[in-house]
Amino acid sequence: MALDQSFVGRTYPPSRPYEVGREKIREFAEAIGDDNPAYRDAEAAKALGHPDVIAPPTFVFSVSYQEAESVVRDPKLGLDYARVVHRDQQFAYHRPVRAGDVLSVTSTIESIKSLAGNEVLDIRGEVQDAEGQPVVTVHTKLVARAVEAGGTGGAGEAAEGE
Amino acid sequence: MTAQIAYADVEEGTQLPLRTFPVDRARLVRYAGASGDFNPIHWNERFAKEVGLPDVIAHGMFTMAEAARVITDWTGDPGALLEYGVRFTKPVVVPDDGKGAVIEVAAKVAKKLDDQARTVQVDLTVTSAGSKVLGMSRAVVALG
């Protein structure tokens, strides 16, 4: 069943603020095995012109996705969350995320398209700091796969995206 | 921003250093904790197979994070990365065999975009076990 096109352009109010912690950045950097000093050492970050340690580029996804998820789970939209996979991810950085940032995200449904029975949902997240200045624009494209006739044949593709 | 690579020193076709990133189950558990993505397809073999996967697979965002390191290590300053986007095309399958999987990342300067802003487009080729795992993978980077 096609999703309701009237949801295109709908904006979901800003999230609860997310405070970016220095130790959370370090934990994330260690999890991806990245020893860049700009993620750990405030002096090294300052030498590059940043006011404090910065976060790896994809760190902000953890913040923005919480919001995108609440859009996807909006019962009025009627998406079957169990069939949703991640298809595309894009970031446009106004500046790097850094320790001490208090971020909030406003999510908008940019488009809903049907492709061979799959629903493709493009969600834009505008991440801003406590002063209301833009930090990152995040585009997340999710696909809800068509319900297949019988079996779990599509499940392999299901996880292709993720 | 203080990228260590000078705009004048690169041209279209300049290759970035080829990199490989190993990934095993312990790495995925650690990434799950740090990112907050606890989907069991990334750590529970029984669950992964129940939903039709060959085995546990890596988080797409983990692969995207590793691929970015080719650029951030090249420029030195991660803040030089202005835009970054990928499509998730195939999963990185991570067996529990003591070895896991390897993500291979090749990258090259595809275009010099703006002589004033000193920005370039970098295209990435990201594979694992011979399959392309990220598609349309590209970045815009500000050089020194």
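The values are calculated or read from the model by the stated rules, or taken from the named source; none is laboratory data. Predicted, not measured: the structure shown is a model, and the values here were computed from it. Glycine also receives a Cβ, built like all others from the backbone with ideal geometry; neighbour counts cover every protein chain displayed. With ligands, DNA and RNA removed, areas are computed over all heavy atoms of the protein, side chains included. Shrake-Rupley method; radii C 1.70, N 1.55, O 1.52, S 1.80 Å.
Of the strands (runs of 3 or more DSSP E) lying entirely inside region B:78-144, those containing at least 2 residues that are farther than 14 Å from A:GLN90 by Cα are B:101-114, B:119-128, B:131-142.
Residue pairs whose Cβ atoms lie under 7 Å apart, sitting 6 or more positions apart in sequence or on different chains, and linking a residue in region B:38-61 that is at the interface with chain A (Cβ under 7 Å from one of its Cβ atoms) to a partner that is open to solvent by 60 Å² or more (accessible area, probe 1.4 Å) and assigned to a loop (DSSP other than H, G, I, E, B), are B:VAL51/A:THR152; B:GLY52/A:THR152.
For region A:73-101, filtered to residues that are open to solvent by less than 50 Å² (accessible area, probe 1.4 Å), hydrophobic (A, V, I, L, M, F, W, C) and more than 17 Å from B:HIS59 (Cβ to Cβ), the residue that is nearest to the other protein chains (Cβ to nearest Cβ) is A:ALA92.
When region A:94-104 is filtered for residues that are part of a strand (DSSP E or B) and in contact with a Phe, Trp or Tyr (Cβ under 8 Å, 6 or more places away or on another chain), the ones remaining, listed by number, are A:VAL102, A:LEU103, A:SER104. Of the residues making up region B:129-144, those that are in contact with a strand residue (DSSP E or B) (Cβ under 8 Å, 6 or more places away or on another chain) and either more than 13 Å from every other protein chain (Cβ to nearest Cβ) or buried (at least 23 other Cβ atoms within 10 Å of the Cβ) (or both) are B:ALA129, B:VAL133, B:LEU134, B:SER137, B:ALA139, B:VAL141, B:LEU143. Among the residues of region B:1-37, those identified as surrounded by 14 or more Cβ atoms within 10 Å (Cβ to Cβ), away from chain A (no Cβ under 12 Å) and not polar (S, T, N, Q) are B:ILE5, B:TYR7, B:VAL10, B:LEU16, B:ARG25. Among the residues that make up region A:24-37, is at least one of them within 13 Å of another protein chain (Cβ to nearest Cβ), closer than 17 Å to A:GLN128 by Cα and under 20 Å from the mean Cα position of the chain (by Cα)? No, region A:24-37 contains no residue that is within 13 Å of another protein chain (Cβ to nearest Cβ), closer than 17 Å to A:GLN128 by Cα and under 20 Å from the mean Cα position of the chain (by Cα). Do you know which residues across region B:93-112 are buried (at least 16 other Cβ atoms within 10 Å of the Cβ) and without any contact (Cβ under 8 Å) to a residue 60 or more places away in the chain? If the condition is that a residue be buried (at least 16 other Cβ atoms within 10 Å of the Cβ) and without any contact (Cβ under 8 Å) to a residue 60 or more places away in the chain, then B:VAL93 is the only one that fits. Residues in region B:77-91 that are over 11 Å from B:THR63 (Cβ atoms) and at the interface with chain A (Cβ under 7 Å from one of its Cβ atoms): B:ASP77, B:PRO78, B:GLY79, B:LEU81, B:LEU82, B:GLU83, B:TYR84, B:GLY85, B:ARG87. Annotation: A:ILE109 fulfils all but one of (1) in a loop (DSSP other than H, G, I, E, B); (2) more than 30 Å from B:TRP43 (Cβ to Cβ); (3) at pLDDT 85 or above; the unmet one is (1). Just one of the numbered conditions (1) assigned to a strand (DSSP E or B); (2) within 14 Å of chain A (Cβ to nearest Cβ); (3) among the hydrophobic types (A, V, I, L, M, F, W, C) is not true of B:ALA67: (1).
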